[in-house]
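For reference, the structure is listed below as structure tokens.
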Amino acid sequence: MRKTLLNYICCPFCHGTLDCMTRGYENGGKSIQEGLLICQKCKRWFPVRNYIPELLPDHLRNWETDEKFLYSLDLNIEKKILKKIKKKIKHCRKNALKIKDSGVSYKKSEISIKKKVSDPNFFGPGYFSPFNPGNTDFTMQLIRRFGNAVPLLNPKQHDIILDVGCGYSWTTEWLMKMGTEPIGIDICRTYLDIGIERMGKNIPHLILADTENLPVKKKCVDAILCYDAFHHIPDRKKTMGHFNRTLKINGNIVLTEPGLDHEAAAPSQEAMKKYGILEKGMSLSEVKDYCENLTLLKPQQYFIIKVTSSEQEKILTPQYIHSHSFIDTQLFVIKKISKP
Ligand SMILES: [Zn+2]
């Protein structure tokens with residue numbers, strides 16, 4: 001984790017400022033490989049493991065693993081502080097039982113996907129993303145989708161862009177290489193670790209987090225990208241509320257997501273059955289519902305269509321647009337405004 005990430009992240013529980021404890025910094029004092037983040041306000045603590053801060057809410061954490069990590073850190077923590085941390089663990093574990101989260105089973109399935117996968121090549125594409133040498137069509141689709149979504153973010157040099165549900169993080173990597181400062185967020189550590197392996201030393205900001213408990217400070221983000229990710233989120237209204245909170249005025253949220261027929265498609269059905277993850281597409285009117293009562297303009301759907309010179313002056317009926325679509329996804333853009 002690069003030190004500058006501390007300017008943008010906060011406690012997922014109370015949005016308090018996070019202090020960092022580490023044995024030392026790497027990369028000329030700029031990165032933290034392992035350490036602890038402690039909330040100034042509620043005193044919750046979070047691990048930084050293999051360069052990634054893990055900012056999950058109490059009910060999605062693996063407390064056994066986290067406690068083991070804490071004791072293995074050898075941070076020379078004062079006895080008094082360590083006692084407080086131990087007390088906090090007890091409190092958080094108790095609190096976790098009280099948290100109501102109707103999407104918890106989907107989230108836990110995503111977090112532990114590695115355990116359910118038997119195909120040895122399942123994670124293979126992540127080491128080359130977005131390039132999949134075994135599937136040229138899919139590779140082209142991924143790049144085309146990205147190329148069409150990014151201009152809608154209105155990105156400028158050094159802009160902070162949240163890349164939500166970044167998975168193998170190639171979109172985050174490309175946004176960084178374009179000169180912006182993206183922050184990739186995913187709930188599944190396995191995907192992020194593969195991304196880190198692929199990218200080597202030059203990695204963008206990455207966080208392990210739940211978007212419904214987004215650990216990002218208010219009004220600090222220039223744009224938000226959900227690349228094939230929003231349709232996996234159970235509570236979309238809650239997530240949109242966090243986008244509204246963290247986005248600067250005039251910033252754009254761009255969703256590239258499948259349509260309503262997505263959950264009925266055979267691969268989605270199989271993914272839901274086999275891995276327990278949520279696959280639920282959306283319509284423009286549903287996206288409007290997610291944005292209700294927030295300081296956001298009405299969502300707009302953008303179409304990218306293939307038109308030849310002989311088709312000029314055709315009327316753009318919904319059927320015409322559908323049959324001439326250049327991308328295999330829906331593009332929604334939502335702008336934040338100062339007042340509703
Ligand atoms: Zn806190």
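Hey, how much of the P(r) for segment 1-78 falls beyond 15 Å, as a percent of Cα pairs?
Counting every Cα pair in segment 1-78, those more than 15 Å apart make up 54 percent.
Aspartates and glutamates within cross-link reach of K219: Cα-Cα under 18 Å, excluding same-chain residues under 8 positions apart?
Reachable aspartates and glutamates: D159, D163, E181.
Can you give the FRET efficiency to the nearest 0.05 for S112 and N293, using r as the Cβ-Cβ distance and R₀ = 45 Å?
0.85
Run the simple label-point estimate for V104 and M178 please: 7 Å along Cα→C-beta, distance reported in nm.
Once both label points are built, they end up 3.8 nm from each other.
May I ask you to compute the full-extension gain from M272 to H91, defined as 0.36 nm times their residue separation minus their alpha-carbon distance, rounded to one decimal in nm?
Values: separation 181, 0.36 × 181 = 65.16 nm, distance 3.37 nm.
Extra length from M272 to H91 when fully extended: 61.8 nm.
If you find the alpha carbon centre of segment 305-340 and of segment 80-113, how far apart are they in angstrom?
When both Cα centres are located, 44 Å separates them.
If you take every DSSP beta bridge fully contained in the chain, what fraction is antiparallel? Give it as a percent rounded to 5.
Close to 55 percent.
Return the distance in nm (one decimal) between the two label points of a simple spin-label model at F326 and S338, each offset 7 Å from Cα along Cα→Cβ.
3.5
Quick one: which of K238/K335; K107/K274; K68/K115; K177/K280; K3/K68; K238/K280 span more than 26 angstrom between C-alpha atoms?
Values: K238/K335 17 Å; K107/K274 14 Å; K68/K115 20 Å; K177/K280 31 Å; K3/K68 24 Å; K238/K280 16 Å.
Over 26 Å apart, Cα to Cα: K177/K280.
Under a point spin-label approximation (7 Å from Cα along Cα-to-Cβ), what is the T4-K79 distance to one decimal in nm?
4.3
Given the rule -39500 (n - 2.57) for each run of at least 4 DSSP H residues, summed and divided by the residues of the chain, what is its mean residue ellipticity at 222 nm, to the nearest 500 deg cm²/dmol? Before the final figure, lay out the partial values.
Details: 11 runs with 110 residues, N = 340.
Helix contribution divided over all residues of the chain: -9500 deg cm²/dmol.
Calculate the length of the line joining the C-alpha centroid of segment 8-78 to that of segment 216-263, in whole Å.
Each part's Cα centre sits 25 Å from the other's.
Aspartates and glutamates near K79 by alpha-carbon distance under 13 Å, same-chain residues fewer than 8 away left out - which ones?
Excluding near neighbours in sequence, the set is empty.
Give the whole-number value, in cubic angstrom per residue, of the convex hull volume spanned by the C-alpha atoms of segment 109-239. Provide the component values of the computation, followed by the final result.
Numbers: hull volume 15.3 nm³, N = 131.
So the per-residue hull volume is 117 Å³.
Whole number please: convex hull volume per residue, Cα atoms of segment 270-340, in Å³. The partial results should precede the final answer.
On the way: hull volume 10.2 nm³, N = 71.
Given the Cα convex hull of segment 270-340, per-residue volume reads 144 Å³.
Of Q312, I111, G124, whose Cα points farthest to the positive end of the dipole of the chain (charges on the beta-carbon: +1 Lys, Arg; -1 Asp, Glu; origin at the Cα centre)?
I111
To make sure I understand the rule: partners must be aspartates and glutamates, Cα under 18 Å from the Cα of K84, and not fewer than 8 residues away in the same chain. Which ones qualify?
Answer for K84, where 18 Å is the Cα cut-off: D19, D58, E64, D66, E67, D74, listed by chain and number.
When the dipole is taken about the Cα centre of segment 115-335, and only Lys, Arg (+1) and Asp, Glu (-1) are charged at their Cβ, what size is it in debye, to the nearest 20?
It works out to roughly 580 debye.
For a protection proxy built on the mean count of beta-carbon atoms within 10 angstrom, sort 154-162, 55-63, 18-26, 307-315 highest first, please. Present the calculation step by step, with values, prior to reporting the outcome.
Details: 154-162: 17.4, 55-63: 19.9, 18-26: 14.9, 307-315: 7.7.
For the peptides 154-162, 55-63, 18-26, 307-315, the packing ranking is 55-63, 154-162, 18-26, 307-315.
Average the reciprocal distances over every distinct pair of alpha-carbons in the chain, invert the result, and give the Kirkwood radius in Å.
Hydrodynamic radius (Kirkwood, Cα only) of the chain equals 21.2 Å.
Every number in this text was worked out from the coordinates using simple rules, so none of it is lab data. Predicted model, so just to flag it, every value in this text is computed and none were measured. All Cβ positions, even for glycine, are placed from backbone atoms using ideal geometry, and neighbour counts span all protein chains on display.
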